[in-house]
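Participant: First, the structure itself, so that you have it in front of you.
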Amino acid sequence: MIRHAYLILAHNEPNLLKLLVEALDDSRNDIYIHFDGRVKDLPLLSTLKAGLVILKDRVKVYWADVSMIEAEYLLFKEAYTSGKKYAYFHLLSGVDLPLKTQDYIHQFFAEHNGKEFVGLHQASIPRLINQRLRCYHLFPHTFRGRGLLFSLKKTLRTLFVWLQTLRGGWINRDIDFHKGGQWVSITPSLVSYLLSKEEETLARYKGTFAADEFFIPTLIWGTPFMEKLYDPSSESYGAMRAIAWREGGVLIDYSWDDLRFLQESEFLFARKFNTRDMNFIQEILKLSHAHG
């Protein structure tokens, strides 16, 4: 039996996570979940058919911080070293949902076996790269927040980045960075390669901003894995994921306005969702539970 590993980064929306696990509950799958280390009361999750592993080794994940990559590495490592053989490793967030049945998804990857599903950003962004990855960012655990102390830290961080950009950055000057989607479906060969680069990757991105969107595309650039990409010309089709980016790079939650698009989409997975309107969520779940 060809098996797939689903790797889930979870931190909120426990009820949606339960529905995601249910949608992935198939005898051909194993599900690995990393809960943000700040989550104290873990939801009770169970499966009927799929294997389910809740990672005991957890890190506190802070938005745009290197801790996001640390959590991803924990998931890849847990699944890769489990002793089980997987055809694909799918990295999802806890607020994602599949848009197709497991029969469809397994058939799709069987037809494209060996391809790597990593979305690549298509625009040139040298200024963004310099600001995010070639400057050291103070207080990396508080990129998001509120209050007077947060505002003070943000002001100091912005000033420090500005001073660094005047001299072309302090760090990572020799790295050719490439941006892409964080959420991927990749083969054991690529997972093994990522794991072999763990130490240098975590050191490289310490103190940077939103490096999770860069670390896999940057590592594979110029390697034979580039020849195996499913669609290097599209960030969305490259990973076969629908992600609700809006103008200005704002990530929103899908809603009723997007239902027809999601129903007619070729994509396998979509993000992100919430449980504020369960009638809408039930319509999305029908896509992964359809028969015939």
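Participant: Ranked highest first by the average count of other Cβ atoms within 10 Å around their residues, in what order do 140-147, 21-28 fall? Kindly include the intermediate steps, with their values, before the conclusion.
Facilitator: Numbers: 140-147: 13.0, 21-28: 18.4.
Taking the mean over residues of other Cβ atoms within 10 Å, the ranking is 21-28, 140-147.
Participant: OK, next. What does the highest-first list of 40-47, 80-87, 63-70, 279-286 look like by mean Cβ count within 10 Å? Can you show the working numbers first?
Facilitator: Details: 40-47: 11.1, 80-87: 12.9, 63-70: 21.1, 279-286: 14.6.
So the peptides 40-47, 80-87, 63-70, 279-286, ranked by packing, come out 63-70, 279-286, 80-87, 40-47.
Participant: Largest first, please: the extent of the C-alpha atoms of the chain along each principal axis, to the nearest Å.
Facilitator: 61, 45, 38
Participant: Would you mind computing, in nm to one decimal, how far apart the modelled labels at Leu148 and Ile171 are, each placed 7 Å from Cα along Cα→Cβ?
Facilitator: 3.0 nm
Participant: Add -39500 (n - 2.57) for each DSSP H run of 4 or more in the chain, then divide by its residues: what number comes out at 222 nm, to the nearest 500 deg cm²/dmol? Mind dumping the intermediate values first?
Facilitator: Details: 11 runs with 106 residues, N = 292.
It lands at -10500 deg cm²/dmol.
Participant: Let me ask another. Could you give the length gained on full extension between Met1 and Ala110, defined as 0.36 nm per residue of separation minus the Cα-Cα distance, in nm? Write down the numbers at each step before the final one.
Facilitator: Values: separation 109, 0.36 × 109 = 39.24 nm, distance 1.17 nm.
That pair, Met1 and Ala110, stretches by 38.1 nm at full extension.
Participant: Ratio to report: Rg/Rh of segment 100-177, with Cα atoms as the point set and Rh obtained by the Kirkwood method; give two decimals.
Facilitator: Numbers: Rg = 19.9 Å, Rh = 16.0 Å.
Radius of gyration relative to Kirkwood radius: 1.24.
Participant: Then there is this: Strictly over 20 Å apart at the Cα level, which of Lys85/Lys286; Lys40/Lys60; Lys154/Lys206; Lys18/Lys272; Lys85/Lys115 would you flag in this model? Please report the intermediate quantities before stating the final value.
Facilitator: Details: Lys85/Lys286 30 Å; Lys40/Lys60 11 Å; Lys154/Lys206 18 Å; Lys18/Lys272 15 Å; Lys85/Lys115 17 Å.
From Lys85/Lys286; Lys40/Lys60; Lys154/Lys206; Lys18/Lys272; Lys85/Lys115, over 20 Å: Lys85/Lys286.
Participant: Give me the log10 of I(q) over I(0) for segment 193-292 at q = 0.12 Å⁻¹, as the Debye formula computes it from C-alpha points; what are the numbers?
Facilitator: Each listed q maps to, in turn, -0.58.
Participant: Something else now. Net charge near Lys154: determine it from the other residues with C-beta under 12 Å of the C-beta of Lys154, scoring Lys and Arg +1 and Asp and Glu -1. Could you put the intermediate results ahead of the total?
Facilitator: Working: positive: Arg144, Arg146, Lys153, Arg157; negative: none.
Here the count lands on +4.
Participant: Also: Just to confirm a number: summing +1 for Lys and Arg and -1 for Asp and Glu over residues other than Trp183 whose beta-carbon lies under 11 angstrom from that of Trp183, what do you get?
Facilitator: Details: positive: Arg241, Arg271, Lys272; negative: Glu72, Asp96, Asp212, Glu213, Glu235.
Every neighbour counted, the sum reads -2.
Participant: What whole-number distance in Å separates the alpha-carbon centres of segment 42-106 and segment 1-26?
Facilitator: 7 Å
Participant: For segment 126-165, compute Rg over Rh where Rg is the Cα radius of gyration and Rh is the Kirkwood radius from the inverse mean 1/r over Cα pairs. Each step should come with its number before you reach the end.
Facilitator: On the way: Rg = 10.5 Å, Rh = 10.5 Å.
Here Rg/Rh amounts to 1.00.
Participant: Once you wrap a convex hull around the alpha carbon atoms of segment 24-107, what is its projected area averaged over all directions, in nm²?
Facilitator: Numbers: hull surface 24.8 nm².
If you wrap the Cα atoms of segment 24-107 in a convex hull and average its projections, you get 6.2 nm².
Participant: I would also like to ask the following. Say each of Arg127 and Ser82 gets a label point 7 Å from the Cα, pointing the same way as Cα to Cβ; how far apart are those two points in nm?
Facilitator: 4.5 nm
Participant: Now for a different question. What is the calculated FRET efficiency for Asn15 to Ser192, with r their C-beta to C-beta distance and R₀ = 35 Å, to the nearest 0.05?
Facilitator: Working: r = 35 Å, r/R0 = 1.00.
So the FRET efficiency works out to roughly 0.50.
Participant: Spin-label point model (7 Å from Cα, Cβ direction): what's the Thr158 to Lys40 distance in nm?
Facilitator: According to this spin-label approximation, the distance is 3.4 nm.
Participant: In the chain, if the dipole is taken from +1 on Lys/Arg beta carbons and -1 on Asp/Glu beta carbons about the Cα centre, which of Leu120, Ile252, Val61 is farthest to the positive end?
Facilitator: Val61
Participant: What net charge is computed for the residues neighbouring Ile281, neighbours being all others with C-beta under 14 Å from the C-beta of Ile281, Lys and Arg scored +1, Asp and Glu -1?
Facilitator: Working: positive: Lys18, Arg271, Lys272, Arg276, Lys286; negative: Glu13, Glu22, Asp96, Asp253, Asp258, Asp277, Glu283.
Counting the neighbours of Ile281, the net charge comes to -2.
Participant: Given a cut-off of under 8 Å on Cα pairs at least six residues apart, what relative contact order in percent is computed for the chain?
Facilitator: Details: 515 pairs, mean separation 70.8, N = 292.
Averaging sequence separation for qualifying contacts and normalising by length gives 24 percent for the chain.
Participant: If you don't mind, there's one more thing I want to ask. Please give the Cα centre distance for segment 259-278 versus segment 194-253, rounded to the nearest Å.
Facilitator: Centre-to-centre (Cα) distance: 22 Å.
Bear in mind that the values in this text are calculations on the coordinates, not laboratory data. Predicted model only: the values in this text are computed from it and were never measured. Positions of Cβ are generated from backbone atoms using ideal geometry, with glycine treated the same way; all protein chains shown enter the neighbour counts.
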